[in-house]
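A quick write-up on the structure given underneath.
Read-outs throughout are calculated quantities, based only on the coordinates presented, and are distinct from any laboratory measurement. Remember, it's a predicted structure, so these values are computed and weren't measured experimentally. Glycine gets a Cβ as well: all are built from the backbone with ideal geometry, and neighbour counts include every protein chain shown.
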Amino acid sequence: MHADVLANGQFCRAATAPIPTFPQRGKESRQISLNRSFIARLFPPARMAEGGLWAARAFFSSGFVSSFLFLKAIMDLLSGKGIVKRFGSLAVLRGVDITIRRGEALGVVGPNGAGKTTLFGVLAGTLPASEGQVFFEGQDISAWPAATRCRHGIARTHQVPRPFLGMSVLENTLVAAQHGAGMRGAAALKQAQDALDRVGLGALAARPTATLGLLDRKRLELARTLATQPTVLLLDEIGGGLTEGELHQLVDLIGTLRDDGLTIVWIEHVLHALLRVIDRLVCMDAGAVLAEGTPHEVMANPLVMSAYLGGVAA
Ligand SMILES: Nc1ncnc2c1ncn2[C@@H]1O[C@H](COP(=O)(O)OP(=O)(O)OP(=O)(O)O)[C@@H](O)[C@H]1O
Ligand SMILES: [Mg+2]
C-alpha cells in the first residue's frame, strides 16, 4: 500500500450503514435560505486576480474560444463523465455525470447502496472506473493513482474514521503532511499543527489517538485531509454517529472551511446538517444521478421522495 494512500486515509472502507434521517418539509426551507455570498466565496479577490490574469493571457494568445474553455476549466474543478463501475457483473455506478464547481459546497444524498461512496472512490482514485473519465482542473486524470490525485489537491474522509491508533494526534496529521503534501521537516510539522489548530484539536496534539472520542476522531479525519493541502474535500458521512450538539459543532467547522474557499463535496444522510452548508444538491439512486439542483428543487422532486420512501412519491 502506498504511503500517500495511507496519508489520505484511503485504506479505510465503509463499514456501517447509518440510518437515513430525511427531514420534514418546512424545516429545510428555512435552512436552505442561504444568507452568505456564494459569489464572494467563489471569487475571493486573490482568485479573481489570478483567474483574470490567466484568462487575459489566454485571450490574447489563443483567442476567444480557448479563453472560454479556460474559464470553464477554472469553474469546473472536478468532474466525472459517464462513470460506470462494475464489481463483477454488478453495476454499482451506471453512467454517472457529475460536475463539482470550484468554490461550491455540493451535497450528495441517496438511499443506502446508491453508489455514493463508490463514486467518491472513483473520483479520488482508489477505485478504477470500469468506463468513463474523471477530470480535474480541465485535465483528464482517469489514469492517475490516488496518491497523485491527493498530491494535486483531492482529499477525502471516510465513513468510519480509522486513524493510526498507535500514534499521537499530531503524528497522525504529520503523516498526512509528509506523504499527502510531500512536505518535510519543520514545514511538515507546521503544516500539521496548523491543520490541527484549524479543526480545534491543537490542544490535543500530544494525545494518543486511541483516547479520542468520535467527534474528535472526525475532526482528526478533517485535519488529516487539510494537512494534504487540498483544493477539494470529499466528505463521506462525516456527521454519522454524532449527537445533535456534536453535529452542530462539526457543521460550523465545515462551514468555516467552505468560507475559507475550499470546495466541498459532502455525502450525508443527516440532511438538516447538510442543508446548513451546501449550495447545490445531487441525489443518487441505484448507481445513477436521480436529481440535481438547488437543495429546495431536489428535496421537492417526487423521484427523490420516492427513492427514499420506497416508491411512494410525496
Ligand atoms: N468492493 C465491492 N464489491 C462488491 N460490491 C460492492 C463493493 N463496494 C460496494 N459494493 C456494493 O455497491 C453498492 C453501492 O455501495 P456504496 O458503498 O457505494 O453505497 P452508498 O451509496 O455509499 O451507501 P451508504 O449510504 O450505505 O454508505 C452496494 O450494493 C454495495 O454493496
Ligand atoms: Mg457510503
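Consider just the alpha-carbon atoms of the range 72-151 and return their Rg together with their Dmax, both in angstrom.
12.3, 37
Along Cα→Cβ, 7 Å out, is where each label goes; now give me the distance between the ones at L53 and T294 in nm to one decimal.
Modelled inter-label distance: 3.6 nm.
Please give the direction-averaged projected area of the C-alpha convex hull for the range 184-287, in square nanometres with one decimal.
Spelled out: convex hull of the Cα atoms, projected over all directions, averaged, 7.8 nm².
Less than 17 Å apart at the alpha-carbon level, and either on another chain or at least 8 residues along: which aspartates and glutamates does that give for K116?
Excluding near neighbours in sequence, the set is D97, E131, D236, E237, E268, D285, E292.
Output ³J(HN,Hα) for the range 111-117: one whole-Hz value per residue in order, computed from phi by the Karplus curve 6.51 cos²θ - 1.76 cosθ + 1.60 with θ = phi - 60°, and x for Gly and Pro.
Karplus-based 3J(HN,Hα) across the range 111-117 equals x, 4, x, 5, x, 5, 5 Hz.
When the chain is fully extended, how far beyond the present Cα-Cα distance does D76 get from S89, taking 0.36 nm per residue of separation?
1.5 nm
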